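Just so you know, all these numbers are worked out from the coordinates, no wet-lab data involved. Given the structure is predicted, the values throughout are model-derived calculations rather than measurements. Every residue, glycine among them, receives a Cβ derived from its backbone with ideal geometry; neighbour counts consider all protein chains shown.
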Amino acid sequence: MDKQEVKERMEFAVKVNFEQYIRLALSHAEFSQNEDGSWTVEIPVLPGCVTWGATRSEAVEMAKDAAEAWVLTALRFGDEIPPIDGNSLQYAVDEIGAEV
């Protein structure tokens, strides 16, 4: 999906707060167990968001941390934040133009 497609989808998306957006992202998490018993988690709605944990429980916590960090990093650098299931993140822009 290119930036124009993301922008068009955001125009029709429902605005949600940070916590709601993270919950939506996590609802798409894909867990897979590795040969050594650890777990890998990919959140495909946040491109490149992948993490792991020694146990499934730890992987769940790491996925939440990874999703939060992904969104905060995207905001910090002005990257597009994709809508998830028709919902987009609502956020404000401060006086100096940095997204928060």
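I want to check the label-to-label distance for F31 and Q90. Put each point 7 Å from Cα in the C-beta direction and report it in nm to one decimal.
3.1 nm
Along the charge dipole of region 3-86, pointing to its positive end and built from +1/-1 on Cβ of Lys, Arg, Asp and Glu, which listed residue (G48, A29, G78) has its Cα farthest out?
Checking the options against the dipole of region 3-86, the answer is G78.
Between A54 and E19, what FRET efficiency follows from the Cβ-Cβ distance if R0 is 30 Å, with the result rounded to 0.05?
It comes to 0.70.
How much net charge surrounds S38 when only the other residues with a Cβ under 12 Å from the Cβ of S38 are counted, with Lys and Arg +1 and Asp and Glu -1?
-2
Packing-wise, with mean Cβ within 10 Å as the measure, how do 69-78, 22-31 rank, highest first?
22-31, 69-78
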